[in-house]
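What follows draws every value from the coordinates through simple rules; no lab data is involved. Note that the structure is a prediction, hence the values are computed from the model and not measured. As a convention, Cβ positions derive from the backbone with ideal geometry for all residues, glycine included, and neighbour counts pool all protein chains shown.
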Amino acid sequence: MDIRRLTDRLGGLAYGGDYNPEQWDDEVWKEDDQLMRRARVNLATVGVFSWALLEPEEGRYDFGWLDAHLDRLHTNGVAVDLATPTASPPPWFTLAHPDALPVRPDGARLTHGSRDTYCLTAPAYRRAARRIATALAERYGDHPALALWHVHNEYVTLCPCDHTAAAFRVWLRARHGSLDALNEAWGTAFWSQHYTSWEQILPPRATQWHHNPGQTLDFSRFWSDETLAAYREQRDAIRAHSDRPVTTNLMVPSYQNLDLWAFGREVDLVSIDHYPGAPGVDAAAQAAFDADRARSFAGGCPWLLMEQGTNTVYTGDRVLAKEPGDILRHSLAHIARGSEGALFFQWRQSRAGAEQWHSAMVPHAGPDSRTFREVTATGEAVARLGELAGSTARAGVAVLHDSDAWWAMGADGLPSAELDYFAALRRAHRALWDAGRTVDFAHPAHDLSRYELVLAPALFLLTDAGAENLRRYVADGGTLLVQHFSGVVDERLHSRLGGYPAAPLREALGIRVEEYRPLRRDERITLSDGSTATSWSESLRTEGAEALAAYTHGMLTGSPALTRHAFGSGHGWYLSTRLDDAGYAALVQRLLTEAGAAPELPGLPPGVEAVTRHAPDGRAWHVLINHLSEPVPLPRPGHDLLTDGPLIELSPGGCAVLRAR
Ligand code: GAL
């Protein structure tokens, strides 16, 4: 990770956002310069949607206007995060290359007039993307304003067109080696799906009933690999002409189209976009969830919050405004967890066009506005946190996060529509967040030995190596909670035979699951310890574990629901149903206590977020955010960097950054 080069260049943490000056004129640019200085902006992302202006016709470039903006920003002390504009090809491109327009699963071809109107696998698109990336790198590779390269914007599209079909077949040959192996992996002996030539294989498109789950899982893997290849091509084209770090702003949404562990290995620094989907304390929990994912994909290194909504909370059918103070609180929630700054979408709210109602640092009302005053105050706060650069958060607990398991759980035909990978992951994180712990996400094959507690909330797919790694983690002293419907299938989606979960994990948990018994919608059951549960139940027997709670209904009456197994020097816990919120929170609290996973700054009440950033040289800072509407005395008074003064109490909704060491 190359984040130090960015913060050294900026002289501290990054502050700013997407800057689209091509929407404005000279008078506004002059005001931009002045307002950016006022808000302490030091980094602007330029060019994300500029393809049509940069290359008005194929192969003819117009860089003059961008030269002027880069020079102006540089003179004004603002460094540039220069984007390649490939997320929004111009109309001339799609008219010249209609085969590069994306196709829907039902076969309808989309048109231009929006953005992201391209198919990643179309050779014409890939050539055009490499060409514009190369042209930009040749021209600006060592421009003094340039601090960072920003490839593309949020790789999110999917397309099952004929170009994709051809590329998918190449990928499948490499993965499976032979048609026999593919047929075996996908279980095509059933439903007469047997393939006798590669050309018969298609990406998942609209079909009569269930898709083959092996086909959809492999397609998800393929699409992620293909997207990564497209990123790499641009990155390498840039690296040929520039030594500045390269990133792409990743979405960490509630669906998954990319294996972000793989992206984390290929970018010079991880950057993400975060848009909360709920107001209030839920927004804070979501920020923590995304920020912890970003740091984890960055291998624990510092990373960068590339975009956040300045004053918007997207709640489905309406866009809410943030509450006063949220701009600072949300920014600090990310910085606390290792972000080397806080950037927004976008600098100035568009007067016209597709994103006119998306908020910005300078709203339509102009600088005389609550939003801009908060943006300025947040900029001043971030400017005082320069000493945090290069430090990052550490966690003593982890939630397992596996892209394959997520995709696999999205397959058609599972036993309950309530099996939701993302919801399970969020719930585990939320319970730990509510309990005041900093959380890492980890892959089941990672070295887990540094964690006191590991939660596996939805590990439907688990490889033999992953199961063995979890067994070893428990044997070596770890505490592991595995939740229902985990360890069910291998990497080919083939069911584990002879009892679930996968054998080495069964050994660590001391149980054997014989039968899954999903509950009826809205059915609520009570366990023998008084806790209540919904959604799911399992028929299991202990093989060494002790039963901590049992079912009290129907044929499962008396059979274990929650178990704990002393194995090696650790403990393997298994929860075979979906506990209600209070029961789940109590279980997580009990696990934290038994595993000895203490908060880094004890003594704070629930509702006060405290995360510690550690520097390699031993210095550390507590970042505190009070979500309560009352003042909270600090367990240990300290020097607050935000006010540069002593602090004994956090005000309602207040924040502080204290030197811990
Ligand atoms: C982001 C996107 C930006 C802008 C923003 C609006 O997801 O990267 O380009 O569209 O949403 O809130």
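Helix-only estimate, please: 222 nm mean residue ellipticity of the chain, summing -39500 (n - 2.57) across DSSP H runs of length 4 or more and dividing by its residues, to the nearest 500.
Helix contribution divided over all residues of the chain: -10000 deg cm²/dmol.
Can you sort His334, His97 so the residue with the fewest Cβ neighbours within 10 Å comes first?
Arranged by neighbour count, lowest to highest, His334, His97 become His97, His334.
Out of residues 5 or more away from Asn249 or on other chains, whose amide H comes under 5 Å of its own, with H placed 1.01 Å from N in the peptide plane?
Under 5 Å from the amide H of Asn249: Val151, Glu154.
Please report, for the Cα atoms of region 340-454, the Rg to one decimal and the Dmax as a whole number; what are they, in angstrom?
Spelled out, the Cα radius of gyration and Dmax of region 340-454 are 20.6, 56 Å.
Pop out the ³J(HN,Hα) list for region 461-477 in order, Karplus 6.51 cos²θ - 1.76 cosθ + 1.60 with θ = phi - 60°, rounded to Hz; leave Gly and Pro as x.
My calculation for region 461-477 gives 9, 8, 6, 4, 5, x, 4, 5, 4, 5, 4, 5, 4, 5, 4, 7, x Hz in order.
Please give the net charge around Pro203, taking every other residue with its beta carbon less than 14 angstrom from that of Pro203, where Lys and Arg add +1 and Asp and Glu add -1.
Within the 14 Å Cβ shell, the charges total -2.
Which whole-Hz ³J(HN,Hα) couplings does region 427-439 yield from phi under the Karplus relation 6.51 cos²θ - 1.76 cosθ + 1.60, θ = phi - 60°, glycine and proline marked x?
5, 5, 5, 5, 5, 6, 5, 4, 7, x, 9, 7, 10
May I have the extent of the alpha carbons of the chain along their three principal axes, as whole Å values ordered from largest to smallest?
In descending order, the Cα extents are 76, 71, 43 Å.
At Ala278 and Asp522, where each label point lies 7 Å from the Cα along Cα→Cβ, what is the point-to-point distance in nanometres?
2.2
Hey, how much of the P(r) for region 1-154 falls beyond 25 Å, as a percent of Cα pairs?
Every Cα pair in region 1-154 considered, those over 25 Å come to 35 percent.
Magnitude of the Cβ-charge dipole of the chain, K/R +1 and D/E -1, about the Cα centre, nearest 20 debye?
For the chain, the charge dipole is close to 640 debye.
Evaluate the distance, in nm, between pseudo-label points positioned 7 Å from the Cα of Glu594 and of His639 along their respective Cα→Cβ axes.
4.4
Taking chymotrypsin sites (Phe, Trp or Tyr not before Pro) that fall in a DSSP loop and have at most 12 other Cβ atoms within 10 Å as cut points, what is the longest piece of the chain between them?
358-661
Can you give the alpha-carbon Rg of region 114-273 over 2.2 N^0.38 Å, where N counts its residues?
Against the empirical 2.2 N^0.38 Å value, I get 1.20 for region 114-273.
What are the ³J(HN,Hα) couplings of region 522-530, residue after residue, when phi is run through the Karplus curve with 6.51, -1.76, 1.60 and θ = phi - 60°? Round to Hz, x for glycine and proline.
Values, residue by residue: 6, 6, 10, 10, 10, 8, 5, 8, x Hz.
Looking at the P(r) of region 461-546, how many percent of alpha-carbon pairs lie beyond 21 Å?
On the way: 1275 of 3655 pairs.
I get 35 percent for the Cα pairs in region 461-546 exceeding 21 Å.
Assuming R0 = 30 Å, can you tell me the calculated FRET efficiency for the pair Asp26 and Arg5, based on Cβ-Cβ distance, to the nearest 0.05?
So the FRET efficiency works out to roughly 0.35.
Between Ala377 and Ala354, what FRET efficiency comes out of the Förster formula 1/(1 + (r/R0)^6) with R0 = 45 Å and r the beta carbon distance, rounded to 0.05?
FRET efficiency, Ala354 to Ala377: 0.90.
Can you list which of the GluC sites (Glu not before Pro) found in region 463-552 are DSSP loop residues with at most 15 other C-beta atoms within 10 Å? Could the numbers behind the result be given before it?
Details: sites: Glu468, Glu491, Glu507, Glu514, Glu515, Glu523, Glu538, Glu543, Glu546; in loops: Glu491, Glu523, Glu543.
Passing sites in region 463-552 are Glu523, Glu543.
Projected area of region 500-560, taken from the Cα convex hull and averaged over every viewing direction, in nm²?
On the way: hull surface 16.4 nm².
Average of the hull's projected areas for region 500-560 equals 4.1 nm².
To the nearest Å, what is the center-to-center distance of region 86-119 and region 599-621, using C-alpha atoms only?
Each part reduced to its Cα centre gives a spacing of 48 Å.
Which value results when the Cα radius of gyration for region 301-346 is divided by 2.2 N^0.38 Å?
Against the empirical 2.2 N^0.38 Å value, I get 1.21 for region 301-346.
Which cysteines does the chain leave without a neighbouring Cys Cβ under 4.7 Å?
Cys161, Cys301, Cys655
Let me see the pair-distance distribution of region 272-400: every alpha carbon pair, 5 Å bin width, integer percents in order.
2, 11, 21, 22, 20, 13, 7, 3, 1, 0
What is the ratio of the Cα radius of gyration of region 177-260 to 2.2 N^0.38 Å, with N the residue count, to two decimals?
Numbers: Rg = 17.5 Å, N = 84, 2.2 N^0.38 = 11.8 Å.
In units of the 2.2 N^0.38 Å rule of thumb, it is 1.48.
Rank these for me by crowding, Leu658, Leu202, Leu388, going from fewest to most other beta carbons within 10 Å.
Least to most surrounded, the residues fall as Leu202, Leu658, Leu388.
What translational D, rounded to a whole number of µm²/s, comes out for region 531-627 from Stokes-Einstein when the hydrodynamic radius is the Kirkwood one over Cα pairs, at 37 °C and 0.692 mPa s? Don't skip to the answer; put the middle values down first.
Working: Rh = 16.3 Å.
Answer, rounded: 201 µm²/s.
Describe numerically, in nm with one decimal, the distance between label points set 7 Å from Cα along Cα→Cβ at Asp581 and at Glu323.
Here the modelled spin labels are 1.5 nm apart.
Going by how many other Cβ atoms sit within 10 Å of their own, how do Cys161, Cys301 line up, fewest first?
Working: Cys161 21, Cys301 18.
Exposure proxy ranking, most exposed first: Cys301, Cys161.
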